[in-house]
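The values are calculated or read from the model by the stated rules, or taken from the named source; none is laboratory data. In this text, all values refer to a predicted model and were calculated from it rather than measured experimentally. Positions of Cβ are generated from backbone atoms using ideal geometry, with glycine treated the same way; all protein chains shown enter the neighbour counts.
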Amino acid sequence: MDPQMLIDQTHAAGIPAPIWFVEFFKVLGFALHAVPMNLWYAGFLLALLLRATRDKHARRFSTRLMRQMPVIVAFGVNLGIVPLLFIQVAYFKLFYPATILMAWFWLAIIALLIPAYYGVYVYAAGLKQRGPGMTTWRAAAGWLSAILFVTIGFLFANGFSLMAHVGRWPELWQGHQVAGAATGTALNLGDATLWPRWLLMFGLAVTTTAVWIVFDAAWFGAKESEDYRRWAAATAWKLYAAGAVWFAAAGSVYVFGSWSSGLRSAMFSGPAVVLTVATAIAPGLPLVLLWAWRARPPGRGAAALVGLAQFGVLGINAVSRQVVQNLNIAEFFPVLDQPSAVEWGPLVMFLVVFVAGLGVVAWMIAQVVTARKEPAA
């Protein structure tokens, strides 16, 4: 079967926004979403493991992160709407068939997210209560949430890797159909890019969690002791180094073990090679900054600089992923060549709401920082 047969050929109208607009906000939205997403993807598990240690500072960071987690998850879920929106605007001919092939697993994301979110609140409430506090069932709810978030990430990785590899659709459809109708039970487990890409994202999540340790201590930890701040500075660079090694190992397998020869040739020639190299070495800057401040707690300015450097790492990775995705689907769907029929009303409304929403988030964070400026007596 020609994979092209599974792509809708009837929709001739142009997309309602310029393609550069769609690509820009898809990448920006994903980078913004990746910051809180990384904290619940890897930070959640790390916090639970640290709480089981005897290190009082490790346990203190675990408590701090898990008390922040309900807000972090809320920010991450809402910011995730932006890239998902623009995927459905310009990539709908691939997005919908791919998610139909794995429909039950895709719908299961909602079914998994709801108890995962409740589990976050249950665990965080146990940290705030006096008396029995963290009971066994509350701790179990936290572990269940962490597992569910990792599972959700795996299902998302399945969906988007399947969207980018149209050539696998006929095989999956033939194995998961009844009388020509897809059963929605396919997973993209046979895709060579799936596992290293998923592990690569986990490594990035570990590095973001490491940066959060010092950023949180500097900006929201005014009431914490100087010993805790020193622990944060000494621990962050070690954790970041571990995440960077993980990222490099998974990335090497992803690039040299799963990319097609054509894709690898495209990404290692011309202007694209600059992006490829930048993506590979970008984690080096936050690591160097964290190492430089390993012996003393960084102030707010230094912590903000490390945070911006890490956002740059996530941003470059998002751009690189987008270029790779466009190259993978170009044979079946040249997304950049789509005509546009711009609808300015919805575009202006989106920009207004997007900027206003980021402004509200910035104001909320500013209120938290202000509330923590004065140390406890």
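General remarks:
- Residue check for P170: under 20 Å from E331 (Cα atoms) and either of a type outside the set (G, A, S) or out of contact with any Cys (no Cβ under 7 Å at 6 or more places or on another chain) (or both): yes
- Flag if A47 is among the hydrophobic types (A, V, I, L, M, F, W, C), in contact with a helix residue (DSSP H, G or I) (Cβ under 8 Å, 6 or more places away or on another chain), free of Cβ contacts under 8 Å to residues at least 24 places away in the same chain and within 30 Å of R230 (Cβ to Cβ): yes
- Test result for V255, among the β-branched types (V, I, T), surrounded by fewer than 16 Cβ atoms within 10 Å (Cβ to Cβ) and either in contact with an Asp or Glu (Cβ under 6 Å, 6 or more places away or on another chain) or without any contact (Cβ under 8 Å) to a residue 24 or more places away in the chain (or both): no
- Selection count where residues are more than 22 Å from the chain's Cα centre (by Cα) and crowded, with 17+ Cβ neighbours inside 10 Å, scope the range 295-315: 3
Here is a yes/no grid of residues against (1) over 25 Å from V335 (Cα atoms); (2) crowded, with 19+ Cβ neighbours inside 10 Å:
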{"residue": "I114", "(1), (2)": "yes, no"}
{"residue": "A125", "(1), (2)": "yes, no"}
{"residue": "S145", "(1), (2)": "yes, yes"}
{"residue": "Q174", "(1), (2)": "yes, no"}
{"residue": "T183", "(1), (2)": "yes, no"}
{"residue": "N188", "(1), (2)": "no, yes"}
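- Tabulated pairs, the range 164-190, first touching a residue at least 40 places away in the same chain (Cβ under 8 Å) and closer than 18 Å to Y91 by Cβ, second of a type in the set (D, E) and surrounded by fewer than 18 Cβ atoms within 10 Å (Cβ to Cβ), C-beta under 9 angstrom, 6+ apart or interchain: V166/E331; G167/E331
- Here P283 does not fit the description of being over 19 Å from the mean Cα position of the chain (by Cα), crowded, with 16+ Cβ neighbours inside 10 Å and of a type outside the set (D, E, K, R).
- Filtering the range 262-294 to residues that are in contact (Cβ under 8 Å) with a residue 40 or more places away in the chain and not in a helix (DSSP H, G or I) leaves P283, W293, R294.
- Restricting the range 368-377 to residues that are surrounded by 10 or more Cβ atoms within 10 Å (Cβ to Cβ) and not in a loop (DSSP other than H, G, I, E, B), the residue that is modelled with the lowest pLDDT: A371
- Residue in the range 211-229 that is over 13 Å from P283 (Cβ atoms), among the aliphatic types (A, V, I, L, M), assigned to a loop (DSSP other than H, G, I, E, B) and touching a residue at least 12 places away in the same chain (Cβ under 8 Å) present: yes
- For A330, the conditions (1) touching a residue at least 12 places away in the same chain (Cβ under 8 Å); (2) under 30 Å from P170 (Cβ atoms) all hold with the exception of (1).
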